[in-house]
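Right, one structure below, let's go through it.
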Amino acid sequence: MARLLTIPRAPSAPRIAPADAPRRGGSLLERVGSWPFVLAAWASSRALFLVTGAIGAHALRQANAVGFPREPDGILNYWAHWDGGWFSSIATQGYGATLWPASANFFPVFPFLVNAGTLLGAGPALAGVVISLAASLLALWFLYELAADLLSPEAARAATLALAFFPTSFFLNAVYSEAIFLALAIGAVWAARVRGNFLLAAILGGLAADTRNVGIFLLLPLLHEALRRRHEAGWSALAPLLIVPAGLLSYMAWLWRWSSHPLLFMTVVHRTWGRTVADPVTTLRRAWTVAETGAVWAVHPGRVFATASPNPSFGAMETFNLVFLALLAVCVLAAFVRLPLGLALYGACAAAIPVLTPASFSPLASLPRYFLAVFPAFLVLGWLLAGRRLLLAGWLVASSALGVLLTLYFTTWRWVA
C-alpha cells in the first residue's frame, strides 16, 4: 500500500491544450488564480459545518441510537459516528479485529491514511478529520480547475460553491472516505484533461478505485480523454490506464489471500446491510411509499429533536432521499448535454449503483452521501447556476440550511448515510 500511495513523477511533456477549451477572461479574480476563491469557499463552508457539528454534539439532546463500532474516544469524535467508527476501528485494530468479515466493505486507502495519522500521535478521530479537511481542499481546487477548463471561470466558481455548501458536504470533514475519494477522482480527470498527464491520472484513479469501488468507473472519462488526444499524445496514453483497475484488483487480491473470496466486499453488503440487486422501478415505487410516510417529519424537521428516538429523523430522510434522487437524475441527464461523454457515463454509472442495489430497510439509503461521488453533477450545477446571481444565492442559502439540519442529525446520532 505504501508503494501504491507514492506517486512517481510523470515524464515531462509539453502541455496539450484541449481544442475545445474556453478562452479565459481577464478579470482581476481570474488573473490572481483560483486558489484565493477556493480557499475562501473551503474555509467558510468547513467553518459552517464544524461549528454546527460542535453545537449538535455538545448542546443538543442525543438520540438513543446504537452503532457498531462506536466512535473512538478523543477530540472531534462526534465526526466519527456510524461508518466513522468502522474506519477508526480498522485504522487502529485492523480488519480482523473489526467485526470481520463485515469490515471488508470498507476499502483500505482511507483507514491506511488514518493509521498513519495515529502513528504521529493523533487520535483516529482527529487524524480522520484533518485528512478529510486537507483532501476536501484539494477536491474543491481540482473541481474549480476542471470546471474552468470544461465550462468557464464563472461556472467554476458556481460549481465550487455548489460542492462546498452541498447539504451532505459535511461528510468532507468527517471520518469518512468521501473527501479523499473526491480528491483522487476529480484529480484523476483533472490530470488527464487539464494537464494531459495520463500516468498521474491513472495513479490517482487507481487509488480512487482502492478507496471506493465506484472508482473503477473513472476508466470511462480517462479512456474518453485518451482517445480524444490520441493524435497529440499517441496510443501510448492508453497503457497507464491499466493502473486504474489495478487499484480495485489489489484489494480483491488481498481479500482472496485472507478469505479465499475476492468479492467479499460485495457479499457483506448483502449480508450486513441488506443490499440486493433490484430493478429501478421497484426501488422507485418503494422510495415513493416511504417518502409519503416520512413527509410529516420532513415538513417539520426541527420536531425530531424533541425525542431521543432516531426514528422520526430517519422518516424525514426518506422524503429527503427522494428529493436528492430527483436532483441527481436531472444533473446526470444534463451531463449528457453539456459534459464530455466519458464524464457523463461515469456520472450515470455512479448514480445507478444505489438505485440498483437498494437496502432492505430503506430503498434509497445513503443516496444523499453517494451523491458526492457523482462529481459531474456539480459541474452541471456550476453550468446551470453560472451568471444567475440571485438563483445561485438562493441555492446556497437553501443548500446550507439543509446542510446544517443534516449535520445536526448526524452528530446527534439521529441519522446515518
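Only the coordinates and a few stated rules stand behind these numbers; no lab work does. None of these values were measured; they are calculated from a predicted model. FYI the Cβ positions are ideal-geometry reconstructions off the backbone, even for glycines, and counts take in every protein chain you see.
Remarks
- For the chain, the convex hull drawn through the C-alpha positions has a volume of 141 cubic angstrom per residue.
- Under-5 Å amide H pairs with ARG275, H placed in peptide plane, nonlocal only: HIS270, SER360
- Note on VAL277 and GLN93: with the Förster distance fixed at 30 Å, the Cβ-Cβ geometry gives a FRET efficiency of about 0.40.
- Measuring r between the beta carbons of TRP35 and ALA253 and using R0 = 25 Å, the FRET efficiency lands at 0.05.
- Sequence-separation-based contact order of the chain, relative, with Cα cut under 8 Å and 6+ spacing, percent: 22 percent
- Helix-only arithmetic for the chain: the sum of -39500 (n - 2.57) across DSSP H runs with n ≥ 4, divided by the residue total, places the mean residue ellipticity at 222 nm at -20500 deg cm²/dmol.
- Per-residue HN-Hα couplings for the stretch 267-278 [Karplus 6.51, -1.76, 1.60; θ = phi - 60°; Hz; x = Gly/Pro]: 5, 6, 4, 6, 6, 8, 10, x, 8, 9, 5, 9
- Take every Cα pair under 8 Å whose residues are at least 6 apart in sequence, average their separation, divide by the length of the stretch 295-401, and the relative contact order is 24 percent.
- Label-reachable residues, the stretch 263-292, where backbone N falls under 17 Å from a point 7 Å from LEU356's Cα toward its Cβ: 266-267, 269-270, 275-284
- Full-extension gain in nm, HIS231 to HIS261, via 0.36 nm per residue minus C-alpha separation: 6.6 nm
- Model label zone, GLN62; criterion: amide N under 17 Å from point 7 Å along Cα-to-beta-carbon; scope the stretch 374-417: 408-416
- Just checking the listed ones, ALA65, ALA226, ALA209: in the Gaussian network model of the chain with Cα springs under 10 Å, the one fluctuating most is ALA65.
- Taking other C-beta atoms within 10 angstrom as a stand-in for reagent exposure, VAL304, VAL380, VAL277, VAL416 fall in the order VAL277, VAL416, VAL304, VAL380, fewest first.
- Order of THR412, THR293, THR307 under a 10 Å beta carbon neighbour criterion, fewest first: THR293, THR307, THR412
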